[in-house]
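Scroll down for the structure; my scribbles are underneath it.
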Amino acid sequence: QVQLVESGGGLVQPGGSLGLSCAASGSIFRINTMGWYRQATGKGRELVATITRGAITNYADSVKGRFTISRDNAKNTVYLRMNTLKPEDTAVYYCNALEATRGTIWGQGTLVTVSS
């Protein structure tokens, strides 16, 4: 079994910054693409950013230039640095990983609230 544990959510004012991290643990053979998704109240889950094992990144248009995804393969950990946060970034952020033998795995989610 492989688990993803997120940390770093919380309350931040508009224009502020916040960092999220997600660590995978358990019976890991190899983790390929990792990513972050988010779901705001009353809306569907949407892609925020993904990063391949070789560090190729992809971002949603709404976060380009403000968010940065990175990873540490040795630690099976993915990070999301969020700058210039807006109220519309308020959502539950979910970590996602594609494990070679177990398929897609989701974290439990961490709440990010952008409000003054």
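The residues of the chain present an accessible area of 51 Å² per residue when probed at 1.4 Å with all protein chains retained.
Figure the gain on full extension for Arg102 and Leu47 (residue separation times 0.36 nm, minus the Cα-Cα span) and round it to one decimal in nm. Let's see the in-between values first.
Details: separation 55, 0.36 × 55 = 19.80 nm, distance 2.09 nm.
Full extension from Arg102 to Leu47 adds 17.7 nm.
Quick one: among Ala60, Ala74, Ala100, which has the greatest mean-square fluctuation in a GNM of the chain with alpha-carbon springs under 10 angstrom? Per the Cα network of the chain with a 10 Å cutoff, Ala74 tops the list.
I'd like the antiparallel share, as a percent to the nearest 5, of DSSP beta bridges with both residues in the chain. Let's see the in-between values first.
Numbers: 40 of 43 bridges.
Beta bridges within the chain, antiparallel portion: roughly 95 percent.
When the chain is treated as a GNM, springs tying every alpha-carbon pair under 10 Å, which of Gly42, Gly16, Gly65 comes out with the largest mean-square fluctuation? Ranking Gly42, Gly16, Gly65 by mean-square fluctuation puts Gly42 first.
Computed in the context of the full set of protein chains, the accessible area of the chain at 1.4 Å probe radius has 48% of its extent on carbon or sulfur. Amide hydrogen proximity for Phe67: with H placed 1.01 Å from N in the peptide plane, the residues at 5 or more positions away or on another chain lying under 5 Å are Asn83.
The values are calculated or read from the model by the stated rules, or taken from the named source; none is laboratory data. Just so it is clear, the model here is predicted, and its values are computed rather than measured. Side chains are part of the model used for accessible areas, which takes the heavy atoms of the whole protein and leaves out ligands, DNA and RNA. Shrake-Rupley method; radii C 1.70, N 1.55, O 1.52, S 1.80 Å.
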